[in-house]
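The values are calculated or read from the model by the stated rules, or taken from the named source; none is laboratory data. Since the structure is predicted, the reported quantities are computational estimates derived from the model, not experimental observations. Positions of Cβ are backbone-derived with ideal geometry, glycine not excepted, and every protein chain shown enters the neighbour counts.
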Amino acid sequence: MTDKQPEALRLAFILEHHIPSIDCLELTATELRRQHEVIQTLTNALEAFENRMGEIGGCYDGGCLIKEPKGMVTNGGCKCWHEPIKMQRLSRAAKQLRKTM
Ligand SMILES: [Zn+2]
């Protein structure tokens, strides 16, 4: 962990408390583009993860660990963790998500 202030927060402070230079404005634009790319990558990874959870399929319990069911639900607890293949697929999807982060 570093004590260095994140670039976005440093730039935000300058914009709030000083008249920013052209260099500061350019750095801010660059930082905003970088952050947009990171957010887009994470959004795409999360969407892929959610799609994968849909493919794996959950149970009908309201607290399903895999996928929240739509419509009528049971409340006896998710039974998905009893299915090794399903858990293996979940682990692979989580590993893929972690690689993206
Ligand atoms: Zn379940």
Next on the checklist: Contact list please: Cβ distance under 8 Å, first residue in segment 1-21 and assigned to a loop (DSSP other than H, G, I, E, B), second residue of a type in the set (A, V, I, L, M) and at pLDDT 90 or above, pairs at least six apart or on different chains.
Outcome noted: Pro20/Ile14
Checklist entry - For segment 51-72, which residues satisfy the criterion of being within 10 Å of the ligand (Cβ to nearest atom) and either modelled with pLDDT under 95 or assigned to a loop (DSSP other than H, G, I, E, B) (or both)? => result Gly57, Gly58, Cys59, Tyr60, Gly62, Gly63, Cys64, Leu65, Ile66, Lys67, Glu68, Pro69
Checklist entry - Ala93: aliphatic (A, V, I, L, M), assigned to a helix (DSSP H, G or I) and under 30 Å from Ala12 (Cα atoms), yes or no? => result no
Checklist entry - Only one of these conditions is not met by Ile85: (1) within 30 Å of Leu11 (Cα to Cα); (2) hydrophobic (A, V, I, L, M, F, W, C); (3) at pLDDT 95 or above. Which number is it? => result (1)
Item to check | Contacts under 8 angstrom Cβ, first residue in segment 47-62 being more than 21 Å from Val73 (Cβ to Cβ), partner modelled with pLDDT of 95 or more and within 13 Å of the ligand (Cβ to nearest atom), 6 or more apart | outcome: Arg52/Arg89
Checklist entry - In segment 24-42, is there at least one residue being in a helix (DSSP H, G or I), under 30 Å from Glu83 (Cβ atoms) and modelled with pLDDT under 95? => result yes
